[in-house]
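For reference, the structure is listed below as structure tokens.
Since every read-out is calculated from the coordinates, none of them should be taken as a lab result. Bear in mind that the values here come from a model prediction, so they are computed numbers and not experimental data.
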Amino acid sequence: MTAAQVPTPTPDTKDWTWVLARPCPDCGFAAEEVDRTHIGELLRLDAAAWTTDLADPRARGPRPWTGPWMRPWMMGA
């Protein structure tokens, strides 16, 4: 796939801040239930996971699909 063939993603214009006020009906995330004292630890763990994900050879080069890039844990894997 050449650069000219890569489709431009549709911009996301949705206001996602509503999840701060009520739980997400799709995934169940409830911001008010997050223990803020653990946010730093969670961010460090997430950064470490990205390091592993991005070291995977499948993460290099052009994407073979046009949808959003999802991490395995986002898809329940």
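Rounded to the nearest whole Hz, the Karplus-based 3J(HN,Hα) values (6.51 cos²θ - 1.76 cosθ + 1.60, θ = phi - 60°) of the stretch 33-39 follow the sequence 8, 6, 7, 4, 6, 9, 4, with x at glycine and proline. Remark: the Cα gyration tensor places the stretch 6-51 in the oblate category, a/c being 1.5 or greater and a/b not exceeding b/c.
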